[in-house]
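Report on one structure; see the data block that follows.
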Amino acid sequence: METWQIVLATLAGAVTLKIAGVALISGFRWHRITTATCAAWHCLVSSGAAERMQCVIHAPAAPVKPERSTEPLRILALLQRESRLVDLLMEDLTGCDDAQLGAGVRDVLAKARKTLREHVELEACVAGLENDPITVPAGFAPGSVVLTGQITGEPPFQGTLRHPGWRVKDFKLPEPLKGQDGWVIGPAEVEVG
């Protein structure tokens with residue numbers, strides 16, 4: 001075999017391997033290969049195309065917004081469904097006198113309390129009754145106890161319990177219906193006819 005035949009066979013092998021590699025990378029999709037070839041050609045012959053392509057390729061990726069769970073909203077949806085609590089909270093009550101407000105709120109609060117007790121098991125963050133003397137030990141959980149007043153030195157702190165706080169011990173929420181929009185707290189109600 002002569003030298004020129006060896007060079008030609010080597011070039012043919014290299015081109016064949018290159019084509020096979022491109023086909024493999026593209027997933028054997030012809031339109032992807034032709035699009036890449038056209039883009040490369042336009043970048044070579046047009047400086048404007050090369051600059052636009054460079055901006056696209058090297059542009060910073062848009063930050064991905066984390067998908068938030070709607071699970072915490074289910075308790076709010078339950079409170080709205082059973083007691084209309086969200087309606088009460090969103091209502092402008094500036095024109096109501098105390099007697100009207102008390103009569104209207106009593107039923108809502110009773111239903112909301114019942115719903116909350118059915119679905120959420122609560123316990124006090126700190127044992128004791130309001131206005132009891134209390135000692136806050138060293139190493140207390142800052143998220144469970146808020147210190148107010150004149151705070152000096154290091155724990156343990158002596159004080160008066162103003163509110164025992166609430167901690168969720170357990171909860172049981174019903175699963176949303178399939179296809180239900182978890183962002184809807186209470187659906188619109190339309191009376192037809």
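The values are calculated or read from the model by the stated rules, or taken from the named source; none is laboratory data. It should be emphasised that the depicted structure is a prediction, and the values quoted were computed from it without experimental measurement. Virtual Cβ from ideal backbone geometry, glycine too; neighbours counted across all protein chains shown.
Listing for the model above:
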read-out: Residue among ASP87, ASP107, ASP92 that alone is surrounded by fewer than 10 Cβ atoms within 10 Å (Cβ to Cβ), at pLDDT 85 or above and under 35 Å from the mean Cα position of the chain (by Cα); value: ASP92
read-out: Which numbered condition THR160 misses (of (1) surrounded by 10 or more Cβ atoms within 10 Å (Cβ to Cβ); (2) at pLDDT below 90; (3) more than 25 Å from ARG117 (Cα to Cα)); value: (2)
read-out: Subset tally (residues that are touching a Pro at 6+ places or on another chain (Cβ under 9 Å) and part of a loop (DSSP other than H, G, I, E, B)) for region 148-166; value: 3
read-out: Complete set of residues in region 171-190 that are within 16 Å of VAL86 (Cα to Cα) and surrounded by 12 or more Cβ atoms within 10 Å (Cβ to Cβ); value: GLY182, VAL184, ILE185, GLY186
read-out: Helices (runs of 4 or more DSSP H) (entirely within region 9-100) containing at least 2 residues that are closer than 30 Å to LEU116 by Cβ; value: 73-83, 85-90
